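Each reported figure results from applying straightforward, stated rules to the coordinates on display, with no laboratory input. The shown structure was predicted, so the numbers you read here are calculated from the model rather than taken from an experiment. Heads up, the Cβs are rebuilt from the backbone with ideal geometry, glycines too, and the neighbour counts pull from every protein chain shown.
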Amino acid sequence: MPRKLAAGNWKMNGLRASLSELETLAARHSDASVDILICPPATLIGACQNTLFDVGGQDCHTAESGAHTGDISAQMLADAGATYVITGHSERRADHGETDEIVAAKSDAAYKAGLIAVICVGETLDEREAGTTLDIIDGQLAGSIPEGATADNTVIAYEPVWAIGTGKVPTLEQIAEVHAHIRAKLQARFSDGADMRILYGGSVKGSNAADIFGVPHVDGALVGGASLKADDFSPIISALEAS
Ligand code: PEP
């Protein structure tokens, strides 16, 4: 069974002073039985190398290099010490118009650079209320995961858009339904789909983590706000270890 994964997405937060949070976290989880990933802003990737954790980017360009002012390539992330990169986060899809096709190309660029892609999918509130959640997930899985995906180079994150940063969390039954559906789709398409890790993301906190990690096919979490402080992220890591 693949090791479970607690992933923190710092988004556009974090200065060098924030690295002390990682020192605190490292002291508490030096012998963690789960994988721990921190995705800080790109400016801190190099400085995170002294920590015990895996480090990831939050986005990458589809190209290796070129005239793309302000962008960063997967190869550059790897060169800075990253081993993962998040692709297709709903904030990238919404703020930067990233389509499934672009997300697939970014994930492919990640593979070429030797990075593990954390490919995000998830429905909006309107889509959930319209009863189209599973159709939306199907389209995103089909369009965003490249053919070259394996359990070693790909992690899927199910993140309902309406649960991100809102404090709203789907019911455990809703999480179970989508995760089981994603697992079935991965197994139907990839020979090692049973081993691809599927994370849940969206307002995970210390207080709800244990329940969420008890849901079948939840192999960890992608955590935004609660990953910024060691005191908030640590109970989530502990809950994953205990699951
Ligand atoms: C995220 O940014 O991927 C996320 C899940 O955020 P939050 O945990 O703050 O909802």
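Among the residues of region 228-236, is any closer than 19 Å to residue 88 by Cβ and without any contact (Cβ under 8 Å) to a residue 40 or more places away in the chain?
no
Take the conditions part of a helix (DSSP H, G or I), more than 17 Å from the chain's Cα centre (by Cα), touching a residue at least 24 places away in the same chain (Cβ under 8 Å) and over 17 Å from residue 104 (Cα atoms) and apply them to residue 142. Does it pass?
No; evaluated as a whole, the condition is false for this residue.
I'd like to check something: does region 166-176 contain any residue that is touching a residue at least 60 places away in the same chain (Cβ under 8 Å), closer than 19 Å to residue 1 by Cβ and aliphatic (A, V, I, L, M)?
No, that holds for no residue.
Give me the residue from region 202-227 that is touching a His at 6+ places or on another chain (Cβ under 9 Å) and among the β-branched types (Val, Ile, Thr) and, out of that set, nearest to the ligand (Cβ to nearest atom).
218
Look through region 182-212, keep the residues that are out of contact with any strand residue (DSSP E or B) (no Cβ under 9 Å at 6 or more places or on another chain) and within 18 Å of residue 135 (Cα to Cα), and return whichever of them is surrounded by the fewest Cβ atoms within 10 Å (Cβ to Cβ).
188
Based on this model, can you work out whether residue 151 counts as surrounded by 21 or more Cβ atoms within 10 Å (Cβ to Cβ) and either part of a helix (DSSP H, G or I) or of a type outside the set (Ser, Thr, Tyr) (or both)?
So residue 151 does not fit the description; no.
If you check every pair at least six apart or on different chains, which have Cβ atoms under 6 Å apart with a residue in region 88-100 that is part of a helix (DSSP H, G or I) first and a residue that is away from the ligand (no atom under 11 Å from the Cβ) second?
92/59; 92/98; 100/140; 100/143; 100/144
Given the conditions (1) small (Gly, Ala, Ser); (2) touching a Leu at 6+ places or on another chain (Cβ under 8 Å); (3) within 16 Å of the ligand (Cβ to nearest atom), report the number of the one that residue 193 does not fulfil.
(3)
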